[in-house]
1. According to a simple spin-label model (label point 7 Å from Cα along Cα-to-Cβ), what is the distance in nm between Val154 and Leu366?
2. Determine the principal axes of the Cα atoms in the chain, then give the extent along each, sorted from largest to smallest and rounded to whole angstroms.
3. Report, by chain and number, residues whose modeled amide H sits under 5 Å from the one on Gly288, excluding near sequence neighbours (fewer than 5 apart, same chain).
4. In the stretch 127-166, whose amide N lies under 17 Å from the spot 7 Å out along Cα-to-Cβ of Leu373? List them in ranges.
5. Along the stretch 220-227, what does the Karplus equation 6.51 cos²θ - 1.76 cosθ + 1.60 (θ = phi - 60°) give for ³J(HN,Hα), rounded to whole Hz, x for Gly and Pro?
6. Could you work out the local net charge near Gly45, counting Lys and Arg as +1, Asp and Glu as -1, over the other residues with Cβ closer than 11 Å to its Cβ?
7. So what's the back-of-envelope 222 nm ellipticity for the chain, counting only DSSP H runs of four-plus at -39500 (n - 2.57) apiece and dividing by all residues, rounded to 500?
8. Using 0.36 nm times the number of residues separating Thr474 and Leu273, minus their current alpha carbon distance, what extension gain do you get?
Amino acid sequence: MTAPAIEASAASGIIQGTGTRVTTASAAATVISDTKAPAFRRTMGLRSVTMMGLAYMTPIIALGTFGVIASDSHGAAAMSYLVATIAMLFTANSYGRMSLLHPESGSAYTYVGKTISRKLGFLVGWAVLLDYMFLPMVVWLIGASYLNALFPTVPMWAWIVGYIVLDTGINILGVNVADKINFVLMAFQALVIVLFVGLSIRSVLGGTGTGTLLSLSPFTGQGSSISAVVAGAAVAAYSFLGFDAVTTMSEETKDPKRTMPRAIMLVAMIGGLIFIGVAYFTQLVHPGGAFVDSSSAAYEIAMTIGGNLFTSVFVAGLCIGQFTSGIATQASASRLMYVMGRDGVLPKKVFGRLSKRFGTPVPCILIIAAVGLIALSLDVATSTSFVNFGAFTSFTLVNVSLIVAYAKSRRTGGSDELGTDGRSVVRNVVFPLLGAFFCFYLLMHLDVNAIVLGLSWLAIGVVILGFLTKGFRTNPPEYAADAA
């Protein structure tokens, strides 16, 4: 990747592809060389990007949330995950198509800003920034809670600080180091899932639960209904948060126009298949949705199928899952903050800087680590109310962005990236319409605390946008990356 191309005021315009920065003073322009500025390094291939997305999603979380989804769906957890997978694939399609048009980091912030409106793009970026900033904190807090339950003599704060220090150090070193560690830890997480499913099969064949491996019970439930399945799907959809986060790595990806759309769909499909499979076999062991404590249902089932030894391995898998998720969530959050800082909508001297040594946004990574320390004074239930509003807001508007982009391309004679044949209408209009409807439905059914917090955060963003745009009269500043 070449050095940043242009940085200019709205009055001066933007010159693309020159590797220079332009500033204006009345009628004259001064050209400043910027060819040696630090830039992201394109080192990630399809496997690396896909693994980063799966690490963000943390597939083993399907076991952590199983009890809640099974309870809400009245024992039809597998069907709820199937519905959620199909629905989220519509949105994954939109992210993949938009990454073809705009192969830069920034995700929804970039897609909405370049397609619909720079002002709306800023507000989407601001909304999702809330989730991105606080999700690592939630991840570290959940992981620390598991470890504290396993080793109660070690204080909770020690586990939280340990998570933060390790993940922050790995992310500062760069995606190459994170990729290698993710691969090893994701392999262990996969092993735990395989063991859980294998022990579940053995237990069912031994007469536990349904007593048979072929059953419609995980899809039909016990007295379940469409509304119950949809309620379970609304919770299950939260497990998919993160398939979009890989788009923040576009500027560190080789051939992003080819790699990124494939990675997005792979992350969503692989994650969905894992979630459906885990829910199916776990539901065979425990048909129905009645549990002593739905939040720890998988822990109880692990004890039933594998005893104390496997339960310890299971908890270790959950803790490692949170560790790998912490790496991915912190990396993605720091990239979004960096792109907004590079644009100038966040203070550039702090947020818009890359380390010359590591090629990573070190100030942004450290800010995420500092936010994570808030976990020292929160519990899991409270911390989870910080996330999800921005995610479903961005999901909805990226779907809308694809429809707008397709309409613009048709007016100008079509786009090679979006296609011009009959099938393009399905991929660029029908699928995003379905995705937008489902995501907006989830947004409207979030916890009231999440909605209040999200709207309050958005109100602050509107004030900042007004300042950046001189009372909404101009567009917010924008970075123009070199076309190469």
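Bear in mind these aren't lab numbers, they're just calculated from the coordinates by the rules spelled out. A quick note: this is a predicted structure, and the numbers were derived from the prediction, not measured. We place every Cβ from the backbone using ideal geometry, glycine too, and count neighbours over all the protein chains shown.
1. In this crude spin-label approximation the distance works out to 2.7 nm.
2. Projected onto the principal axes, the Cα atoms of the chain cover 83, 55, 39 Å.
3. Gln222
4. Label zone hits: 134, 136-138, 140-141, 156-166.
5. 9, x, 10, x, 6, 8, 4, 5
6. +2
7. Result for the chain: -21500 deg cm²/dmol, rounded to the nearest 500.
8. Going from the current span to full extension adds 67.8 nm.
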